[in-house]
Every structure is written in structure tokens, then in C-alpha cells.
Amino acid sequence: MYEWRRQIQTIVDEIDRSIKNYQDEALTLRALSQRLGYSEYYTARKFKEISGMQFRDYLRRRKLAFALKEVRDSGKSILDIAVDYGFSSHEAFTRAFKGTYGVAPSEYRRSPRPVVLRTKINPFDRYFFGLGEIGMVRYADGVKAYFVTIPAHKFLHIKNGESNGYWDFWQRQNRIPGQDQDTICGLLDSIKGKLDDCGGSEPNCGGGQIMAYQNDPEGRLCDWGFPRTECWGVRLPFDYQGEVPPQMLLIDVPEAEYLVFEHGAFDYEQENRSVEEKMEQAMAAFDFSGTGYCLDTSPGRLMYFYYDPEQYFKYIRPVRREADPAGGTR
């Protein structure tokens, strides 16, 4: 099953690449099966077994997700977009678009609103897969720490005060109607202007979606000894005025200072556990002496967590200026 998850991930990555490049001829089950060296029947069966949906349904909804973003963001005509994404006519595209999102493409262009897109499935999801290391651990420093000031912004999110980690968070959320992973990630994916969105230029950019931990008196006690609530959402510009989905929260995050612990790109299969340990050790051992800062555990502050082995592993922890013994702050 491990190997088939990797194979299906290859198909999923190729689908996105081909859709983005308007290479419709590469988007057939035959072409993708031949690339893996299996029959169409066997590949389709494994795709459904692992992803939970038929190949043709996933492909259709993923094309529409790409098309919706072009309707929203580009100046191309609706007909040109329809043709680019393999629809036979303006009418066929409009029927498919309205049937999926409940609004015609022309109306959506005039007044965009959050809709549930078919986000990219990740059958080889590193968060969920839970693999241990394979092979030798590389002993390298790897983790750097530095202070930053992050400008004021907004954070659109859901939160769970009882969960403990990414896996448990989504297990709990999937039991709440309208707050399951597919719905929430699909809504967030459709929102324009996310500060961390790479615009689909990277294969695993996640559409600007990140995990965060909010200092919260009603949350779980975390490993660092203070209560926190786990969140999933997107950072938005401070002047964001768009519609807020009813099951989400939108909060203002004022300009503030943070301490970043960052590890660069690494081989997930070979190094994941050792990198996690190095990050934890770096945070636990960090000496604030002489920096003029201390960790800020005041209610409402957010810690952001970025995890993409192909780019970086980052914890961005809130800090504040340390009180000066003579009064004021340093």
C-alpha cells in the first residue's frame, strides 16, 4: 500500500501539472496508466481505493477548480477558459460550473464568493502517513533561529480546543458537519489573496493553508506548559473585505514580533524524524538571555506552523520585549 500511495501521488501531481499547462492529451487514464506500467482497470481500481473517488470524477472537479480560479482572476473570456479546460462549448462549461458551485461563471466573475473547490488529494500525505525513518540519520546543524516582525494581517480559520496534533485535529473536525477537511480546505482554496499562497507554482504549496496554535485559556495544555487551541486556516491581508464562510472565524492579528525556528528542505523518508527532533531540541534549548525578548504566552497570540519537506519546516512562535528592571521594555 505504501508503494501504491506513492504511485497514485504521481498521478495526482501529473494531473495538476497537465491541467495547468493545458495538456489535455496527457489527462487520460490510458496515458497515466502507461506511465505507471499498469492496466487502466487496475490503476482506476487503486485510484478509487486510495482516494475514495472515481478517477473521472476527480479529474473533472479538479479541472473545474483550476477553471474557477481563471474565471475569478484572469481577463480571458468564459469561452476561452471553457476550451482551455476541455469543455466542448460555453454552455457545457456553464452547466458543469453551475452544477458544481451553484453559480454561473459569469455571475461568479462579477461577484466572487467562497465555494468548496476540489482541492488536490494527497494520498502520500506526509502528515498522515506517519512513517518512521528509513536508513541513516544525517547529523547536521540544520536549524536556524531568528526574530522577525510580521505586519498586521487577518487569520481566517477553524479551531479545536481539544485536539492534539494534525491527525487528531482532522479526526475531530471530520465528525462536525460542514467542518470536515474536504469542505474547509475546499473553501479556503477558493479564497483570493492568501498571503502564503504560492499560486500553484509549487507542487505541494498547499494553497496558503497552514496550521496555527492560539494561546487560549480554554484550550489543551501544550508541551510548553500553557493552554492552546489548534487552528487551521489562511493568513489574509489586513484590509481583506471578502465574505467569511459561516463555519469559520476571521480575526485581526496585529503587527507583532516572532521567533522563527527554521530547517531547510530535507528528504522526508530519510530524515523526517531526525528533523522533528532537531526542531524540538532547538526550541527547548533556545536561550533568550541577551536577546531582549521572551516567549509571549498571553491569550490570543498565534504560533504558525509551516511544514513542507521540499522547502522548509518552520515554527513561528510569538515573543514580546522583555521587561527592563528599571521599568519599561528593552
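The values are calculated or read from the model by the stated rules, or taken from the named source; none is laboratory data. Owing to the predicted nature of the structure, the values given are computational and were not obtained by experimental measurement. Cβ coordinates were reconstructed from backbone atoms using ideal geometry, including for glycine residues, and neighbour counts include every protein chain displayed.
Which count do you get for residues in region 1-49 that are closer than 25 Å to D84 by Cβ, in a loop (DSSP other than H, G, I, E, B) and either touching a helix residue (DSSP H, G or I) at 6+ places or on another chain (Cβ under 6 Å) or of a type outside the set (S, T, Y) (or both)? So that I can check it myself, show each step before the final result.
Narrowing region 1-49 to residues closer than 25 Å to D84 by Cβ: 10-35, 47.
When the remaining residues are screened for being in a loop (DSSP other than H, G, I, E, B), the result is 21-23, 27-28.
So of that shortlist, the ones also either touching a helix residue (DSSP H, G or I) at 6+ places or on another chain (Cβ under 6 Å) or of a type outside the set (S, T, Y) (or both) come out as 21-23, 27.
Residues meeting the conditions: 4.
Only one residue in K76, K63, K69 is closer than 30 Å to E243 by Cβ and either assigned by TED's automatic domain parsing to the domain that holds I191 or not in a helix (DSSP H, G or I) (or both). Which one? Can you show your working first?
Working: K63 fails: either assigned by TED's automatic domain parsing to the domain that holds I191 or not in a helix (DSSP H, G or I) (or both); K69 fails: either assigned by TED's automatic domain parsing to the domain that holds I191 or not in a helix (DSSP H, G or I) (or both).
The match here is K76.
Taking region 6-30, which residues are of a type in the set (K, R) and at pLDDT 85 or above?
Within region 6-30, the subset of a type in the set (K, R) is 6, 17, 20, 30.
Correct list: R17, K20, R30.
Name every residue in region 293-320 that is of a type in the set (D, E) and either in contact with an Asp or Glu (Cβ under 7 Å, 6 or more places away or on another chain) or within 18 Å of G142 (Cβ to Cβ) (or both), in order of residue number.
First pass over region 293-320, keeping only residues of a type in the set (D, E): 296, 308, 310.
Within region 293-320, D308, E310 meet the criteria.
Would you tally the residues in region 250-305 being of a type in the set (V, I, T) and within 25 Å of L236 (Cα to Cα)?
Counting residues in region 250-305 that are of a type in the set (V, I, T) and within 25 Å of L236 (Cα to Cα) gives 4.
Restricting to region 77-113, count the residues that are over 13 Å from F66 (Cβ atoms), surrounded by 12 or more Cβ atoms within 10 Å (Cβ to Cβ) and of a type in the set (S, T, N, Q).
Of the residues in region 77-113, 2 are over 13 Å from F66 (Cβ atoms), surrounded by 12 or more Cβ atoms within 10 Å (Cβ to Cβ) and of a type in the set (S, T, N, Q).
Can you work out which of the residues in region 27-76 that are closer than 18 Å to G99 by Cβ and of a type in the set (A, V, I, L, M, F, W, C) is surrounded by the fewest Cβ atoms within 10 Å (Cβ to Cβ)?
M53
Keeping to region 282-297, report how many residues are free of Cβ contacts under 8 Å to residues at least 60 places away in the same chain and within 22 Å of Y312 (Cα to Cα).
3
Touching a Pro at 6+ places or on another chain (Cβ under 8 Å), aliphatic (A, V, I, L, M) and under 15 Å from P318 (Cβ atoms): is that true of A265 in this structure?
Numbers: touching a Pro at 6+ places or on another chain (Cβ under 8 Å): yes; aliphatic (A, V, I, L, M): yes; under 15 Å from P318 (Cβ atoms): no.
It is false that A265 is touching a Pro at 6+ places or on another chain (Cβ under 8 Å), aliphatic (A, V, I, L, M) and under 15 Å from P318 (Cβ atoms).
If E3 satisfies all but one of (1) surrounded by fewer than 15 Cβ atoms within 10 Å (Cβ to Cβ); (2) modelled with pLDDT of 90 or more, what's the number of the condition it fails?
Against the list (1) surrounded by fewer than 15 Cβ atoms within 10 Å (Cβ to Cβ); (2) modelled with pLDDT of 90 or more, E3 comes up short only on (2).
Looking at (1) surrounded by fewer than 16 Cβ atoms within 10 Å (Cβ to Cβ); (2) modelled with pLDDT under 85, which one does G142 not meet, given that it meets all the others?
Failed condition: (1).
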